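Have a look at the structure below, then the notes.
What follows draws every value from the coordinates through simple rules; no lab data is involved. Every value quoted in this text rests on a predicted model; they were computed, and no experiment measured them. Quick reminder, even Gly has a Cβ in these numbers, built from the backbone with ideal geometry, and neighbours come from all protein chains shown.
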Amino acid sequence: MPHVRLTDSSKNGTTLSTLDLLKQNFILISTESSSPWITAAAKQSVPVDAHVLSKDSYPISDPEERVKGLYRLGSGHSVLVRPDGYIAWRSDLEPVSSNHDDAFDKVLKKILCR
C-alpha cells in the first residue's frame, strides 16, 4: 500500500499517512464519495472501513491529491486493501456490473476463500 500524506480535520489538521488507516479490517479507498463501491462496502458481512480520500473529503483529506495518481484510481474506482497492507483488489479490473453489492460480496468471498 503506497504511503500518501493525509490531513485529519477532525483532529485539528493532524497529518497522517494512508498507512495509518490500516487497523484490523479491510479498507476500501476511493477518491469519490459517489463511488458505488463505497455503498457496497457498507453492506458486507465482513467489516470494511471505507475511506473517500480527495482534496475536499472530510474528515480525512488528501490535500495534495496524490491518492488518485499513486493508486491509479479512475472515475468511480476503488481499491481494497487487506489489513496487512497488500492491495487485494482493484475495481477497475472488475467487469462492469449493475449490482455492485453482489460483485463486492463475490470479491470478498474469493479473497477469504469462502
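Before moving on, here are some points about what is shown:
- Over 25 Å (Cα to Cα) - which of Lys11/Lys109; Lys11/Lys68; Lys55/Lys110 fall in this group: Lys11/Lys109; Lys55/Lys110
- The chain: angle of helix 100-111 to the longest principal axis, Cα-based, in degrees nearest 10: 90 degrees
- DSSP beta bridges confined to the chain are antiparallel in about 70 percent of cases.
- Computed from the C-beta positions of Lys106 and Asp20, the FRET efficiency with R₀ = 25 Å rounds to 0.25.
- Placing one equal scatterer on every Cα of the chain and applying the Debye formula, the log10 ratio I(q)/I(0) at q = 0.09, 0.20 Å⁻¹ is -0.22, -1.07.
- Computed over region 15-72, Kirkwood Rh from alpha-carbon pairs, angstrom: 11.9 Å
- Radius of gyration over Kirkwood radius for region 51-91, both on Cα atoms: the Rg/Rh ratio is 0.97.
- Lys/Arg +1, Asp/Glu -1 at C-beta; region 1-69 dipole; positive extreme among Ile29, Ser10, Ala42: Ala42
- Calculated mean residue ellipticity, 222 nm, the chain: -5500 deg cm²/dmol, from DSSP H runs (n ≥ 4) at -39500 (n - 2.57) each, averaged per residue and rounded to 500.
- Local electrostatic count, Ala40, Cβ distance below 9 Å [Lys/Arg +1, Asp/Glu -1]: -2
- Applying both filters, DSSP loop and at most 13 other Cβ atoms within 10 Å, to the trypsin sites (Lys or Arg not before Pro) of region 1-39 gives Lys23.
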